[in-house]
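First comes the structure, then the notes that go with it.
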Amino acid sequence: MITKRALMSLACAGGLAAIFPDPRTASAQTVSRMLVGFGAGGAIDVIARMLVEGMKDYSPAFIVDNRPGAGGRLALAALKNSPADGTVMILAPASNFAVFPHVYKKLGYDAFRDFVPVTTVCSFPFLITVGPMVPAEVRTLADFAKWCAANPKQATYGTAAAGSMLHFTGVTLAKANRFEFVHLPYGGPGGIQDLIGGRIAATIYPIGTALPHVQSGAIRALATTGPQRSSRLPDVPTVREAGYAALEASEWFGVFVPANTPAAPVNRLNNAIRIVVNAKPFKAALAELAVDPAGETPNEFAQLVKADFDRWGPIVRASGFTLID
């Protein structure tokens, strides 16, 4: 959910371009494009527009090019065939690189051969929440696991999509406690409304999606999957604190360019992005979305992509998930 306040922060971030030094990068006469594999108005689109606004010195003619469809795969296929000169890039989620290669028979791209990682922009954990179907005395993940085992017909959870990190986080919880956990993919945030209405037991969504409903008291947060507690929900433990370190997971949004892009433009782009990410206006705007700033070197980011790919592969295979055509 993108709040009105967050959109106002985006508007305020329009001043970003005026405060950054010129990193002396791509041609001033060339139109640069940041592809986004999702429609306008979602979190990744909003963040891409904030980022581009702060990079006018990198390329004065810089646009966000939305290519929605197939969970971001269409945009990545387009990037694969784009010029490898630093003028075309994508802001993409971790799932496209860490999970999708393990769940799709025909991905349309190779996560490692077709792209060069530039840097992460931000990251965010997930929130495991329960609704009125689950008794009020269930306050912890351990309590919830026991309740699910005792109430198998009601042990259901909703996420945005099948084959996502959110989905397999629930799978990991169920396997650790040996109970059946029926997954319901909603194709978006609709699971929250079914949770509030008592039609499902739990949801696993990005923290920004669930946060307003936790704050209103409509649903209860059992744990966050991040490495530390969220400043927005300081009383909610991490999964590690709750005794479920295997559930620790975060989604990141990162920038990639086509394979064979020379190191010089990759490094210039990395520098330009990290200047924006480290600026106070950008950090403040991210905070409104319950998102944390990031920003690694290309080498550090490449290692992160590989580590996440290696981590989620065995989880997907052990789940018995049927590959998607």
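Values computed for the structure shown
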item: Cα-based Kirkwood hydrodynamic radius, segment 125-247, one decimal, Å; result: 13.9 Å
item: Footprinting exposure proxy for ILE128, ILE63 (fewest neighbouring C-beta atoms within 10 Å first); result: ILE63, ILE128
item: Pairwise label distance in nanometres, THR297 with ARG178, each label 7 Å out on the Cα-Cβ vector; result: 4.7 nm
item: Order of ARG33, ARG73 under a 10 Å beta carbon neighbour criterion, fewest first; result: ARG73, ARG33
item: DSSP bridge pairs, the chain: antiparallel proportion in percent, nearest 5; result: 60 percent
item: Per-residue ³J(HN,Hα) for segment 106-113, Karplus 6.51 cos²θ - 1.76 cosθ + 1.60, θ = phi - 60°, Hz, x for Gly and Pro; result: 10, 7, x, 7, 9, 4, 10, 7
item: Exposure proxy ranking, count of Cβ atoms within 10 Å, fewest first, for ARG229, ARG49; result: ARG229, ARG49
item: R0 of 45 Å, Cβ-Cβ distance THR140-ASN81: FRET efficiency to nearest 0.05; result: 0.35
item: Leading residue at positive end of dipole, the chain (Cβ point charges), from PHE112, PRO258, GLY41; result: GLY41
item: GluC sites (Glu not before Pro), loop per DSSP, at most 15 other Cβ atoms within 10 Å - longest free stretch of the chain; result: 1-136
item: Cut-off under 5 Å, modelled amide H: who pairs with THR119 long-range; result: VAL255
item: Structure-derived semi-axes √(5λ) of the Cα gyration tensor in Å: which label, when the choices are (1) 41, 27, 21; (2) 36, 25, 18; (3) 35, 22, 16; result: (3)
item: Furthest towards positive pole of dipole, THR172, LEU141, THR224, structure part segment 125-247, Cβ charges; result: THR172
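Where a number appears in this text, it was derived from the coordinates with a stated rule and is not lab data. Please read these numbers as outputs of a predicted model, since none were measured by experiment. Reconstructed Cβ throughout: ideal geometry from the backbone, glycine too, with neighbour counts over all protein chains shown.
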